[in-house]
Structures are given as C-alpha cells and as structure tokens.
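What follows is a single structure, written as structure tokens, with notes after it.
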Amino acid sequence: MEQLMQEMMKSTKDLQTFWENRFAQLMEEMVKSQNFITAMTRSLEGSLDLRRLIDSAMGRWAEFYQVVTKKDLALIQQQMYDQSVRLEKMVALLETIRDAVCAERPAAPTTAETATDATADSPKAARKAANRSR
Amino acid sequence: MNHDPWHCTQQFIDATSAATALAGQLAERNLRSWLRPAPSLACQEPYQGATPFEVIYRFDRMRVLKFQGRSATQPAMPLLMVPSLINRSYVLDLMEGSSLIAHLVQHQHPTYLLDWGTPGPQHDHLSFGFYVDELMALATAAVRRDAQTEQVDLLGYCMGGTMALLHAALHPQQIGRLTLLATPINFHDEGVLSRWASTPDFDVDRVVDTLGRMDSLMLQSSFLFLKPLSTYQKYKGLYEAANNPRFTESFIKLERWLNDNVSVPGECYREYVRVCYQENRLVEGGLVLNGKAVDLRQVTGPLLNVIALKDHIVPPDSSRIVARLVGGPVREVLIDAGHIGIAMGSKARQMFETVQRFHAEGPTTILTTDN
C-alpha cells in the first residue's frame, strides 16, 4: 500500500512538472509569434495615444494659465546639465595639464632647502624684506 | 529521494510554515515601507551591494566606486566594471562573499564599478553615444588617475558589455583587457527581445516622443513577458526550498535587484534601439556614435567573452560573433547558466575565477587565441 502511494505521488509530481514545462514552452513560443507582437504593439500604441491626449490637454491648460510645466523645468535642467558637462571636461583637461607640468618639473629640493624657501617666500619674510629696503 | 508519506507530509508542513514566515516578513517590510514616509529619489542610496566601497569620482548622478586598493604584492591593471543602463549596478555584488566583486577583492585586484545612478528628466536628451564616448571616458579617466596607470581594463555585463566594447573601439589606447559577460553583439538573432524591438510595428520614436524616456515599469513588464510562466515557476521553487535560509536570502536579494529597474533616458533609448536592434550596426558596420565612426577592429587588446548557454535574453550566438569583429585575440568561456546565473550563484563561480585570472595576467602577457 505504502509502495503504491509513493509511486502515485512520484508519478503525479512528474506529470505536473511535465505539463508545467510543456505549458511554459508553449507560452514562450506564443510570445515570439507575430500575432502576439502585433497585439502588444497595438495595446502600447493605445496607451501612448491616451498619454499624448492627456499631455496635450495639460499643455494647453498650462499655456492658457501661463503656468510653468515639468517639461519647461526639464529643459532648464538639461541646459544646466550640458553646462556642467562642459565644466567637467575643462576640469579634466586642466588636471591633465597639471599632471603633465608636475611630471616635467625638476626633482624636488631637499627638506632644508624647502624650509628655507618656504620661509623666504612667506608673507612675513616678504614684509621684513620690504621694511629693510625702506 | 525519500517518498515516505510521513516524510513528505512533514516536508510539506515545514515548507508551508517557512513560506508563511517568509511571506509574513515580506508583508511586514512592505507595510513598514508603505507607512514610513518615503525619502526622495535623489536621496536614496542606489547601490545596495554587499562589499564596502569608497566613492572616488562623482559627476551628477554617476559615480565610480572603488572596492580595493592596489596590492603591493600583485600589481595589476585596474578593472572598471560597466553595468547595464536598465538595471542597478550591484548585480555583481549581490551576495556577501559570493559575488564577482567579492572574489576580486579577495584576490587583491584593484576593482572599480561604474554606478550610473538614477537618471532624471535632465538626462532625457543624452544620446547613447554620449554615454559610451563621454561619460565612460570621464569614469575611465578617474580610474586611471586613482590607480596611476595609463590604461584601464573593462568588464561589461549585458548592455554594459556592448557599451564597454564600443568605448574600447573609440578609445583603444586607454583600454587594456576587456571582458564581456552575456553581451549582445548581433541583435538580429533568434532572441525574443530582438524580435520585439526589430519589428516594424514597434515605433521607438513614438514611445520616446510621448514618454520622454523608457519607463522602468514598462521595461520590467516586458522582461516578465519574455518567459511568461517564469514567475509561477520561480515562486514554486521558493515554496519548495523555503526552509533553506541560504536560498531564501539569495532569492530576496535577487528579487530586490530584479524589481529595482531604472528608466532609460529617452534619446539614449531611441539611439540604442535604432542602431543596435533595428539597424544591427555593430555587425553590419557604419556605426557612428557621438559624431565619431566606430570601428570594432580597433579593439586589439585581449578579450574574454563569457557566454551563458541558457541565456534567453542574449542567445549565445549573439555574443559569439564578437570574435569575428574585433582586431585582437578572443578567449571564449561557455557557462551552463542563464542570463543572471552567469553573474551570481553557484554556476558563476567558474566565471569569477576565469575573470580574475584573465585580468591578473597583466598588460604585457600575450593571450592565447582560442577563437
């Protein structure tokens, strides 16, 4: 009896899996068919037409009441984005030039020399030198 | 397999209770997110990956994430990963310890990821060529500056692979090695997406002119239609394996990523569909992006093409053709997995190791041509 039940359960599960897979294959073939594609594009066109109708009505309303629309704001944002791209490119170019100039510079001076130069170049040292000359 | 009725009943009860608990958790989480005031889109962190990172470059919504500094013992070329524009970038970093990024980080490889961010209406006028030529150039320049190298390796997944290949063709001197994961190259194949997009019934201009962009919900629903019964089969699988915490964790993470699509900017979508799906310019030739002619033969660096044999989005033949188009040596790796299984899960481990070894070979090694 137990053996029979086990066999029954196994065959039921196998049958279920078989039909599921068969049905899945059938559905996958269906979505590739020209009929399905045509139906899908038609339903998309219907939705797009509705959306266009709503958009044009909103556009007329905004024009009549002189209201700024999302599209106007998006256009300004797009112009700002384009400007920021130009600036970013300039930054990248300047960084490349800076790196090239740094690479061409002679080797860095020793620590003692750097300290002396730094003192000499500092505003305080410059003021002292100016006082002395006066 | 044990078919003892008592054992089966017990398994059924276990699975039911585990599935009920999981459903409860999901419902609670959804209810919480519904009751809590949602933060604005710009404030949300789009990256939900598992590996810690630092942002080395940011321009508008685009970011370059760095996962690993250069190792002193293993100097390797930095690798920049380029994800698709329609999905979030964290697919390569979904599971802690078992993702491509985690694998590369374990091997001390300097790894970077390009995160496109969430596009807004200010990006609707940007063309596909602009993304490939200019935005990617900003990202690769940031990586080269950070890693202090002349070149950078690229890895692209799905649409990101197409973009990486085109960028390498436009800037060959800056790109070292290139890896393509499940990348569509020949768009006139037997795939369902190709059939849908290349049919004359599909008017891309009408979609873009009306909507301004390709909405993420439309993309999501069209992906669900590719395999109409997959949702049922997926949840059946979840039910059967609901008492396996590792499986449920990966299921939730993958579902979160699958439902986290982003809208594609209008002009970018228009150009992508037109030049790739409708005119198949990558194969037919004569592709002009951002005012520049693209010649794939300019890609002379070593190329690793990882193909998923059970891919229903990018059929194997669609990617395989790249070997005939580029100017450099191509190594092909076939993985018995689907489009997502190639990037995460147990079958992707082979890919992790292959990619890591390929990019660790360095810029000077000559690759054996397998094509």
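Bear in mind that the values in this text are calculations on the coordinates, not laboratory data. Nothing here was measured: the structure is a model prediction, and the numbers come from that model. Note that each Cβ is placed from the backbone with ideal geometry, even for glycine, and that neighbours are counted across all protein chains shown.
For residue B:233, what is the net charge nearby, where nearby means another residue's Cβ is under 10 Å from its Cβ and Lys, Arg count +1, Asp, Glu -1?
Within the 10 Å Cβ shell, the charges total +2.
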**Report entry** Separation in nanometres of the label points that stand 7 Å from Cα toward Cβ, at residue B:55 and residue B:201
**Finding:** 4.4 nm
Query - Over 22 Å between alpha carbons, listed pairs B:227/B:310; B:310/B:347; B:253/B:347; A:32/B:253 - result: A:32/B:253
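Quote the relative contact order of region B:54-360 in percent (integer), defining contacts as alpha-carbon pairs under 8 Å separated by 6+ residues.
24 percent
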Report summary line: Largest fluctuation, B:112, B:47, B:235 only, Gaussian network model of chain B with Cα springs under 10 angstrom, belongs to B:235
Query raised in the report: For the pair residue B:144 and residue B:239, what calculated FRET efficiency results from E = 1/(1 + (r/R0)^6), where r is the Cβ-Cβ distance and R0 = 60 Å, to the nearest 0.05?
Result: 0.75
Requested in this report: Could you sort B:186-198, B:281-293 so that the peptide with the highest average Cβ count within 10 Å comes first and the rest follow in order?
Outcome: B:186-198, B:281-293
Report task. Return the single residue from B:356, B:106, B:68 with maximal mean-square fluctuation; model: Gaussian network over chain B, springs between Cα atoms under 10 Å. Result -> B:106
Requested in this report: Calculate for chain B the 222 nm mean residue ellipticity that helices alone would give, adding -39,500 (n - 2.57) per DSSP H run of length 4 or more and normalising by residue count, nearest 500 deg cm²/dmol.
Outcome: -11500 deg cm²/dmol
Requested in this report: Under a 10 Å cutoff between Cα atoms, tell me which one of B:67, B:225, B:128 has the largest fluctuation in the Gaussian network model of chain B.
Outcome: B:225
Query raised in the report: Taking every DSSP beta bridge that has both residues in chain B, what percent is antiparallel when rounded to the nearest 5?
Result: 35 percent
Query raised in the report: How much length is gained on full extension from residue B:297 to residue B:13, taking 0.36 nm per residue of separation minus their Cα-Cα distance?
Result: 96.3 nm
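Return the average number of partner chain Cβ atoms within 10 angstrom of each residue Cβ along peptide B:293-306.
Taking the mean over all residues of the peptide, I get 0.
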Query raised in the report: Any idea how far the Cα center of region B:345-361 sits from the one of region A:63-87, in Å?
Result: 45 Å
